[in-house]
Amino acid sequence: MDINRAQAANRYKAKSIARLDRPMRLSGLIGVLMVCAFPLASSAQSGAKPPANGQYVPRLGDIMNAAQMRHMKLWFAGQTRNWELANYELRLLKASLVEAASLYGDLPVDNVTTMVKPLEAVGDAVAAGDSRRFARTFGELTAGCNACHQLIKHGFIVMRVPEASPFSNQVFTPRGKP
């Protein structure tokens, strides 16, 4: 019976990953980046074991640090209404989450599925170029990150809407706008 539950959980997780990985419904507009740092599962804290072929496998913490950066850049792109940049960052954020779920099979299924709806909502706001909806859905996305952290008992990792950009070397306003 435990094998059947594990198989069912793996099928559910695979479907969830596919939903995260599917292209955004937004045509040409930018999706917003989210950095929900999946907390490190205790068994994955030391990093993945290298595969037999010797390929490099990034540590879960490194993947989530990249996701956190994308979350921040997504926010600033949305605040300046640079929807193209927001879409780009959102795609990269989704890719980070898919990579984490693919490489670290011991992440609970709920961690993957809690982020699907918030990511889609942010993507819809970006596609519509709706700043108010973007701000609201980005807050929901950030709350989703924190819910994920709670699920795996890493509630000490708390995300929030960024207040200041550490990216002084990047212009976030769209080209042609002041």
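The values are calculated or read from the model by the stated rules, or taken from the named source; none is laboratory data. None of these values were measured; they are calculated from a predicted model. Cβ placement follows ideal geometry from the backbone for every residue including glycine, while neighbour counts extend to all protein chains displayed.
Look at segment 78-99: where a residue is on the phi > 0 side of the Ramachandran plot and a partner is assigned to a helix (DSSP H, G or I), sitting 6+ places away or on another chain with Cβ atoms under 7 Å, you get Arg81/Ser131. Of all residues in segment 125-148, those that are free of Cβ contacts under 8 Å to residues at least 60 places away in the same chain have Cβ atoms under 6 Å from Cβ atoms of residues that are surrounded by 15 or more Cβ atoms within 10 Å (Cβ to Cβ) and not aliphatic (A, V, I, L, M), 6 or more apart or on another chain, in Glu140/Pro118; Ala147/Thr114.
Would you say Arg133 is among the basic types (Lys, Arg), at pLDDT 95 or above and under 30 Å from Gln55 (Cβ atoms)? Against the criterion (among the basic types (Lys, Arg), at pLDDT 95 or above and under 30 Å from Gln55 (Cβ atoms)), Arg133 does not qualify.
Across segment 64-77, the number of residues qualifying as in contact (Cβ under 8 Å) with a residue 40 or more places away in the chain and over 10 Å from the mean Cα position of the chain (by Cα) comes to 6. Of the candidates Gly144, Gly78, Gly123, Gly139, the single residue that is part of a helix (DSSP H, G or I), modelled with pLDDT of 95 or more and closer than 30 Å to Val57 by Cβ is Gly123.
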